[in-house]
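Following: one structure in structure tokens, then a few remarks.
Since every read-out is calculated from the coordinates, none of them should be taken as a lab result. The model shown is predicted, which means the values in this text are computed figures rather than measured ones. Note that we place each Cβ from the backbone using ideal geometry, even for glycine, and neighbour counts take in every protein chain shown.
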Amino acid sequence: MSTPPRKRLSPEQSRDAALDAARTLLLESGPQAVTLKAVAAAIGRTHANLLHHFGSAAGLQKALAASIAGRVSAKISAAVIRSRSQDHDPREVVDLTFDAFDTEGAGALASWMILTGNQDALDPILEAIHRLLDEIAEGHDDQTVPLHEQTLQLVLMALGDALLGAPMARALGLPRDKAREMATAQLRASVVLDPY
């Protein structure tokens with residue numbers, strides 16, 4: 001029995017398929033599972049094909065970080081803009097940020113990259129946050145410093161919660177979403193979502 005020929009994909013389709021497979025591996029098995037070999041096997045391509053697109057496993061991880069950061073930043077930006085135009089609960093922004101680091105896998109991926117010395121792979125995440133801040137702060141120059149401080153606090157809380165939130169909450173006898181509640185209260189008290 002012969003195997004059917006592989007479907008020919010454009011370079012963009014091949015790259016997108018690889019990033020989708022890498023994200024699935026990240027979420028199912030953790031960042032250590034995001035290798036060129038594993039992603040190639042998942043999409044029925046060769047290791048050489050992925051080397052062509054990403055250059056290395058570090059390049060694949062950097063592209064994955066950029067993909068996650070871009071998708072999540074767009075959601076957060078839309079939520080912040082909505083919150084300025086209507087009576088809106090800032091919990092949506094908190095949940096999107098915490099989910100980005102937890103259920104979207106950005107926290108595990110960022111931690112893995114730092115621990116393996118691949119810190120430049122964090123650049124896409126940091127650049128996406130910077131672009132998001134620029135977009136949100138547009139027309140709100142007087143709020144730049146508080147906005148940056150609130151973003152730092154929210155991102156660090158979300159990252160910490162993704163990595164240690166469940167065991168810490170259990171150990172302290174707190175509800176699992178206590179960090180999200182705290183972040184929401186701090187966001188409500190800030191000028192970040194203030195419509196002026």
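Here are some notes:
- Dipole axis of the chain (+1 Lys, Arg; -1 Asp, Glu on Cβ), positive-most option in Thr46, Pro175, Thr103: Thr46
- The charge dipole of segment 10-55, taken about its Cα centre with unit charges on the Cβ atoms of Lys, Arg (+1), Asp and Glu (-1) only, comes to about 140 debye.
- Burial order of peptide ranges 121-129, 99-107 (average beta-carbon count within 10 Å, highest first): 99-107, 121-129
- Taking every C-alpha pair closer than 8 Å and separated by at least 6 residues, the mean separation divided by the residue count of segment 10-55 gives a relative contact order of 36 percent.
- Choice from Arg131, Arg23, Arg170 showing the highest fluctuation, given a GNM over the chain with Cα pairs closer than 10 Å: Arg170
- Available extension along the chain between Thr24 and Thr116 is 31.1 nm, counting 0.36 nm per residue and deducting the alpha carbon span.
- Assigned charges on the beta-carbon of Lys, Arg, Asp, Glu; segment 58-189 dipole about Cα centre (debye): 440
- Karplus-based coupling profile of segment 8-18, in residue order and whole Hz: 6, 10, 5, x, 5, 5, 5, 5, 4, 4, 5, with θ = phi - 60° in 6.51 cos²θ - 1.76 cosθ + 1.60 and x standing for Gly or Pro.
- Global geometry of segment 33-89, whether rounded, prolate or oblate, following the gyration tensor of its Cα atoms and the 1.5 cut on a/c: prolate
- When Val80, Val93 are sorted by how many other C-beta atoms sit within 10 angstrom of their C-beta, beginning with the fewest, the order is Val80, Val93.
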